[in-house]
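Laboratory data are not the source of any read-out in this text; all were calculated from the coordinates shown. Predicted model, so just to flag it, every value in this text is computed and none were measured. Positions of Cβ are backbone-derived with ideal geometry, glycine not excepted, and every protein chain shown enters the neighbour counts.
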Amino acid sequence: MRSTLNALTTELKRLKAAGVKMVPVSDATLAQLRAVVNARGARAAESSQPLEKESAKAPLAPAPPPVSPPIAAAPAYEAPAREFKAKPLVANVAAIPAPQPFVLPEGDKATRWAALRDRVLDDLVCRAHVRPGKQVVFGVGSLEAKIMFVGEAPGAEEEVQGEPFVGPAGQLLTRMIGGMGLKRSDVYIGNIMNWRPEMALDPGGTQYGNRPPTEEEMAYCLPYLKAQIEIVNPALLVALGSTATQGLLGAGSFKTLGEVRGKWKEFSDRPLMVTYHPSYILRNQSNRSKRMIWEDLLKVMERAELPISEKQRGFFLDRA
């Protein structure tokens, strides 16, 4: 339990450093955490009883200084638990093997894409990490797309529908693409990961919240993303969020996304624009936040030689 709590603390610190102020948590998980805290407080109280008996046997010994009640028993401890809304404990995940090399078949784009999709959906490692009733997720969109958007991993809605970016963040991404004068079907959308990273289930068997994929998980799936890039052959890529960018540029390639956001990098011999994940806007509903992402997308439009109207250039300039 201690190692699990340490892992949870480390993850919360990472999220806080990344600017995340709140994460979803279920009532069942809060109850589990409170039970652990209360149990520790009870054990601490029990361990103090022998000391009290020793003091009674030796009345001439100086009385010990007052002992503060254990932190776990203090009423004020409940506030941080709700404030941070800790994620459910991470599930025990089996070791991820190294990716196996593969060769794409000859043929046109549609033939090669279909063969790759079948390979990913039938991949034994991918399927082993998908819970019953859920799906492995593969990229979607135009095989002639100039622009390819890359996220990190599927979420709850994605593993149900088997398609990337269909939840709230995906719906926002679709509107962002519309603002560029394109339809979702005009671009290609994929993830580095092909399954939703597992977390512990609540007593009802439901996973709440998401966690970033590990380096090993992304390393296993990255060849499949590269193969999609090879088939679609987009003119440029857009990395959505810190985790996706780390997966493409390499772990430790930057400390904060702000260092590389809005800048052109390179991946798979193609220009790569780094920007925020759409979920950033869902957490920061201000024109300033929207404008930052929009300025990145304007650079993408210019690089892709898409027409840009004065109206588009002026989106979200009101900083209110």
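Can you give the extra length, in nm with one decimal, that the chain gains between ARG131 and ALA251 once fully stretched, where that is 0.36 nm per residue apart less the Cα-Cα distance?
Values: separation 120, 0.36 × 120 = 43.20 nm, distance 2.76 nm.
This chain segment gains 40.4 nm when fully extended.
Ratio of Rg to Rh for region 109-313, alpha carbon only, Kirkwood?
Values: Rg = 16.5 Å, Rh = 17.3 Å.
With Rh from the inverse mean 1/r over Cα pairs, Rg/Rh is 0.95.
In order along region 300-313, phi translates into HN-Hα couplings of 5, 4, 5, 5, 7, 6, 8, x, 10, 7, 5, 4, 5, 5 Hz, rounded to whole numbers, per the Karplus curve 6.51 cos²θ - 1.76 cosθ + 1.60 with θ = phi - 60° and x for Gly and Pro.
Find out how many positive minus negative residues lie around SER268, taking Lys and Arg as positive, Asp and Glu as negative, among other residues whose Cβ is under 14 Å from that of SER268. Walk me through the intermediate numbers first.
Values: positive: LYS226, LYS265, ARG270; negative: GLU230, GLU266, ASP269.
With Lys, Arg at +1 and Asp, Glu at -1, the net is 0.
Derived scalar couplings between HN and Hα for region 218-232 equal 5, 4, 5, 8, 4, x, 5, 5, 4, 5, 5, 4, 4, 6, 5 Hz in order, rounded to whole Hz, by the Karplus curve 6.51 cos²θ - 1.76 cosθ + 1.60 (θ = phi - 60°), x for Gly and Pro. Looking at region 109-313, the DSSP beta bridges with both ends there are about 35 percent antiparallel.
Phi angles across region 121-137 convert, under the Karplus curve 6.51 cos²θ - 1.76 cosθ + 1.60 with θ = phi - 60°, into 3J(HN,Hα) values of 5, 9, 4, 5, 5, 4, 5, 5, 9, 9, 6, x, x, 9, 10, 5, 10 Hz, Gly and Pro given as x. Under a Cβ-Cβ cut-off of 11 Å, what is the net charge of the residues other than GLY170 that fall near it, where Lys and Arg count +1 and Asp and Glu count -1? Taking every other residue near GLY170 into account, the sum is -1.
Each Lys or Arg adds one and each Asp or Glu takes one away; over the other residues whose Cβ falls under 10 Å from the Cβ of VAL140, this sums to +1. All alpha carbon pair distances within region 174-260 were sorted into 10 Å bins beginning at 0; the resulting P(r) in whole percents reads 14, 37, 35, 13, 1.
Is region 243-288 best put as rounded, prolate or oblate by its Cα gyration tensor, with a ≥ b ≥ c the root eigenvalues, rounded for a/c under 1.5, and otherwise prolate when a/b is larger than b/c, oblate when not?
Verdict is prolate for region 243-288.
Summarising the amide proton neighbourhood of LYS265: residues at separation of 5 or more, or on other chains, whose placed amide H is nearer than 5 Å comprise LEU272, MET273, VAL274. Sorting the segments 112-121, 97-106, 126-135 by their residues' average number of neighbouring beta-carbon atoms within 10 angstrom, most packed first, yields 112-121, 126-135, 97-106.
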